[in-house]
Every structure is written in structure tokens, then in C-alpha cells.
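Notes follow the structure.
The values are calculated or read from the model by the stated rules, or taken from the named source; none is laboratory data. If you're wondering where the values come from, they're calculated on a predicted model, not measured in any experiment. Here the Cβ is made from the backbone with ideal geometry for all residues, glycine too, and neighbour counts use every protein chain on show.
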Amino acid sequence: MKRDLTSIPNKKAWEWSLVLSAMSIPHKRETHGNESAIEVSEEFLEEACRQIDFYEQENSSEKLLNFSYASPLASVLAVFFTLFIFQSFLYQSGSYDIWLKAGNSSNIDIRSGEIWRIFTALTLHTGLEHFLSNAFMGSVIFYSLFSMTGSGTGLFLAILAGAAGNLATAFIIPLEYHSIGSSGSIFGAFGVLAAYRIIRITAKAKKTDWRPAAAALTFLGLFGTAGGSDFFGHFFSLLAGFLIGSAAAVLSSVEKLPPPAVRFTFAILSVAMLTISWLRAMDRL
């Protein structure tokens, strides 16, 4: 059985459709003159309405004036803009190869105790094309994650999953293996998303839905196995994200985001992890 959300202004229907697509909620949008209708299956209707309500609350004028709030879209733009500025700074320094040597995820160096590399490698890219491909792909996934967990919390979980993937790679793959790129955090974020979706759908429907896990494996197959890509880092980050996301989803409320103070604390911790790691890496310059 399907239900319709009808008589919606076209612009608003387009926005809601983007929200539902970002949260992997199946739906169909039909336009009739100046108004639209969104058709959602009965099993997804409650979640669709919840996500739309959340979107409207997050984008209300009162929220936009509240400094305890950070919209998912603004947060995603801030993350990748900051990363772009940092990347540009390293290139303009004229000694990018030195920074690369000090911060890449080198398995033999990580095994020797240079643990900061599991974090610094997430901020390095081989060039503009590498950065942009990660930015475009990561923006969609981070937006979905930030919408579900809050920006600060989602960023912390994504970085933690990416770093865990690099750490696992260092102790499983041959010593000469090296990697860089924010894709570890992107795959980690997808793993967190899949875990949240499975646990929340199970809590509501009283039965386990493994489709998000299948989507995660499909994503890995499509984007994590290309020639020259860090397959092992992608796989272990996805797995780490799923495990970390499962724990976080169990501990969090199904209906509410973490309190603003908690989200802000996680945002500060995210920045602190990367800053401290790079301060340690600078000793190697």
C-alpha cells in the first residue's frame, strides 16, 4: 500500500525529494501544474515524515539564528572547503612531497609507533582530481550522515572510522603499503549510515532489514575497487564504520539528535584529533 503527500508547492516538493533521496527512502514525485505529490510506500511513510519534519525544523528561521545549530549542508561545505584550503596551502608551500612523506599512511611507520599517520593521511590527496572526486562523493554521504547524527557527531564518527580503517590496514597488509585520501572517512561514513539505518528500521519494524548493508557492499564494489584505489583502506574503513555506527546507534535516541553541547564537543574533538596528529607529523618535516 502506498500513501501520497499531496498539494505540495513544486519547490518544496523538490527539496523534500532530495531529503528522502539522501536518506535512501524510496519515493516517487509527480508534478501537477504548480503543485506536486510525493508517493511513499506504507513501510517507509513514518520515516519519510520524520525526516521531512526534521528538515523543516532544521531550516526554520529560528534555527538559522541559533548558533547551537549547524545545518548539514553548511557543515558539509565547511568540511570540504577547509580541506581544500589546507590542500592548497600544502601545494603552495612548494614542499608538498615533504608533507606527503610525513603524513601518509605508511604501514611500516604506523607499526613503528607513528600512529598519527592514520589521521593525517585522511587530509592528503594526490592532486586536484583526487580531491574533487572525494569531495563530490563525500558531500552526498556526509550530508546524509550529518542529517541523521548531527554534524559534529557525524564528522567525529567518520574520521574515527577512516582512521580505524588505516590502522587495520597497517597491521594486516604488507609493510611497504602506503595510502592517502579522505575516501577512508567517506567509506567509514557509509558504514555508519548503514548501521544506523539497519538498527533504526529494526527498532521500528521489529524485523531486521539488511538492504542498507547490501547498499554498502555495492558502494564498495562500485567505488572502492577501481584501479589504483586503496581497496583495503576502503574495506576496513567501511567495516569499522559499520561497527562504530552500530554502537553509536544503539546508544543514541531514535527520534532526536544528540544535544547541541554533545555535537559541539564531538566537532571540537574532530578538529583536535587532526590538529594534534599534524603537530606530531611536523616533527618529521
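Structure notes:
- Leading residue by the ranking (modelled with the lowest pLDDT) among those in segment 5-29 that are assigned to a strand (DSSP E or B) and more than 22 Å from ILE201 (Cβ to Cβ): THR6
- Residues in segment 30-53 that are hydrophobic (A, V, I, L, M, F, W, C), within 27 Å of the chain's Cα centre (by Cα) and either part of a strand (DSSP E or B) or in the same structural domain as LEU257 (by TED's automatic domain parsing) (or both): ILE38, VAL40.
- Selection status of SER151, assigned by TED's automatic domain parsing to the domain that holds GLN87, farther than 16 Å from VAL76 by Cβ and in contact with a Ser or Thr (Cβ under 6 Å, 6 or more places away or on another chain): no
- Selection of segment 269-285 for residues being without any contact (Cβ under 8 Å) to a residue 12 or more places away in the chain and either outside any helix (DSSP H, G or I) or loosely packed, with under 13 Cβ neighbours inside 10 Å (or both) yields ALA272, THR275, LEU279, ASP283.
- Taken over segment 126-136, the residue count meeting the criterion of being assigned to a helix (DSSP H, G or I) and either buried (at least 19 other Cβ atoms within 10 Å of the Cβ) or of a type in the set (Gly, Ala, Ser) (or both) is 4.
- The requirement of being more than 16 Å from SER237 (Cβ to Cβ) and touching a His at 6+ places or on another chain (Cβ under 9 Å) is fulfilled somewhere in segment 111-131, by at least one residue.
- Among the residues of segment 83-125, those that are hydroxyl-bearing (Ser, Thr, Tyr), part of a loop (DSSP other than H, G, I, E, B) and under 20 Å from SER183 (Cα atoms) comprise SER105, SER106.
- Listing of helices (runs of 4 or more DSSP H) fully contained in segment 149-229 that carry 1 or more residues being closer than 13 Å to ALA121 by Cβ: 151-172, 183-205
- Pair list, Cβ under 9 Å, 6 or more apart: segment 94-123 residue closer than 14 Å to LEU285 by Cβ, other residue of a type in the set (S, T, N, Q) and surrounded by fewer than 16 Cβ atoms within 10 Å (Cβ to Cβ): TRP99/SER93; LEU100/THR126
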